[in-house]
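Heads up: the structure comes next, in structure tokens.
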Amino acid sequence: MDYGKVFNAAIDRLHEEGRYRVFIDILRNKGAFPNARCFAGHNGPKPITVWCSNDYLAMGQHPKVIAAMEEALHDVGAGSGGTRNIGGNTHYHVNLEAELADLHGKEGALLFTSGYVSNEATLATLAKVLPGCIIFSDELNHASMIAGIRNSGCEKQVWRHNDLVHLEELLEAADPETPKLIAFESVYSMDGDVADITAICDLADKYNAITYCDEVHAVGMYGPRGGGITDRDGVAHRVTIIEGTLGKAFGVMGGYIAADQVIVDVIRSYAPGFIFTTSLSPVLVAGVLASVRHLKQSSVEREGQQAAAAYLKRIMAEAGLPVMNSTTHIVPLMVGDPVKAKRISDILLAEYGVYVQPINFPTVPRGTERLRFTPGPQHSTEMMDELVQALCEIWERMEMRKAA
């Protein structure tokens, strides 16, 4: 076996398909987001504007967050020192879990090192604990949810995206005595559409199922206190388990679940992805704690972000650009070709100082490659006007108007 040949062939395939991923080397400018520096060339850092960050509300730059992290660093040091069970359960972790439980109106919450781990570990563990469980999964669920369902070893039934008629058909056909779990997202990050959580909960009640809602692209962003779509729609109490991230709207790092205390205790006690992982640094946890507390009280950031997203969608549409019909803060611009998506991204960075990453398969289906913009409260109308002007010039240059 020529191992090198196999590995090189795998990378060559990505290049041939136009979806080899390049990581852009940047540094954000503290307190000045979305301004950053890019180290793509050899002439030192070049100033750029970031348009694809998941730090949706720029809370990673908020003075309260930075101050809390600095205070924790000088108080307790850098790392946690171990797993939650052995030395790594700090008072910061306990306080943050209490804040997150309160945010979602649940009895308890549990921290993980990332949103990916929280999904994978929780879904895999739940289905193993429930004998004969069937998981009903929306077809556009995140890779971490798919991984957790696969690792559970249980039966999986996939329902067409946001098609509740199809979901009910599958639920109705299942044995009434079989444990059932409906897994879905609130905001789907690539298309920017939203699940009908109330209707899903109605079906769960009708067919005696429990529900698992991934709110990673919604926590901090929606609802009077930033509890997500379940908070906005007043249905958090009806969802069995809410999962979220601390690395997007909250601006730092980590993931979590919120649920009844007994479910939290089951995951805490049985999930290897929680038990055997060093806990989050208390410095990170302190930053998140400040962010969550701030966004519970402040809607200024959410309102600014929604206004920016609405403005960018409008001017893109008026300019004849193929902006997708997103109902949320996410602004996807359809390209439909991986090579063109990468080329547009490269031109924007090299010529206009605009950083937006192309989104290719397997993140989105082949033929739906796109640029995904996430304007925030710090993106000015002037920045957005200049962005659209640049995109129009590139679209003309690449003769994409007819395709658009």
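Odds and ends about this structure:
- Number of positions in the range 17-40 that are of a type outside the set (A, V, I, L, M, F, W, C) and closer than 18 Å to Lys340 by Cα: 5
- Residue, surrounded by the fewest Cβ atoms within 10 Å (Cβ to Cβ), within the range 159-177, restricted to residues that are acidic (Asp, Glu) and farther than 20 Å from Asp191 by Cα: Glu177
- Residues satisfying the stated conditions in the range 257-307, i.e. within 30 Å of Pro377 (Cβ to Cβ) and either in contact with a strand residue (DSSP E or B) (Cβ under 7 Å, 6 or more places away or on another chain) or surrounded by fewer than 16 Cβ atoms within 10 Å (Cβ to Cβ) (or both): Ile257, Ala258, Leu280, Gln297, Ser298, Ser299, Val300, Glu303, Ala307
- Close pairs (9 angstrom Cβ cut-off, 6 or more residues apart or separate chains): in contact (Cβ under 8 Å) with a residue 12 or more places away in the chain in the range 92-109, aromatic (Phe, Trp, Tyr) and not in a helix (DSSP H, G or I) anywhere: Leu96/Tyr256; Glu97/Tyr256; Leu100/Tyr256; Ala109/Tyr256
- Every test in (1) closer than 24 Å to Glu99 by Cβ; (2) touching a Phe, Trp or Tyr at 6+ places or on another chain (Cβ under 6 Å) is passed by Leu167 save one, and that test is (1).
- From His217, His237, residue being open to solvent by 20 Å² or more (accessible area, probe 1.4 Å) and in contact (Cβ under 8 Å) with a residue 40 or more places away in the chain: His237
- Close pairs from the range 316-333: first closer than 17 Å to Ala249 by Cα, partner of a type in the set (Ser, Thr, Tyr) and at pLDDT below 95, Cβ under 7 Å, at least 6 apart: Ile330/Ser189
Rundown of residues vs (1) among the charged types (D, E, K, R); (2) modelled with pLDDT of 95 or more; (3) open to solvent by 50 Å² or more (accessible area, probe 1.4 Å), yes/no style:
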site	(1), (2), (3)
Gly105	no, yes, yes
Gly115	no, yes, no
Phe136	no, yes, no
Leu181	no, yes, no
Glu185	yes, yes, no
Ala195	no, yes, no
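- Remark: His93 falls outside the filter, which requires a residue to be of a type outside the set (Asp, Glu) and either more than 30 Å from Gln261 (Cα to Cα) or open to solvent by 30 Å² or more (accessible area, probe 1.4 Å) (or both).
- Scan the range 327-344 for residues that are open to solvent by 10 Å² or more (accessible area, probe 1.4 Å) and either modelled with pLDDT of 95 or more or not acidic (Asp, Glu) (or both) and the total you get is 9.
- Any hit, the range 158-171, residues being among the hydrophobic types (A, V, I, L, M, F, W, C) and under 23 Å from Val331 (Cα atoms): no
- Residues in the range 62-82 that are open to solvent by 30 Å² or more (accessible area, probe 1.4 Å) and either among the polar types (S, T, N, Q) or in a helix (DSSP H, G or I) (or both): 11 in all.
- Condition met for Cys154 (in contact with a Pro (Cβ under 7 Å, 6 or more places away or on another chain), closer than 20 Å to Ala271 by Cα and open to solvent by less than 40 Å² (accessible area, probe 1.4 Å)): no
The values are calculated or read from the model by the stated rules, or taken from the named source; none is laboratory data. Predicted model only: the values in this text are computed from it and were never measured. Here Cβ is always computed from backbone atoms with ideal geometry, including for glycine, and neighbour counts include all displayed protein chains. Heavy atoms of the whole protein, side chains included, go into the accessibility calculation; ligands, DNA and RNA do not. Shrake-Rupley method; radii C 1.70, N 1.55, O 1.52, S 1.80 Å.
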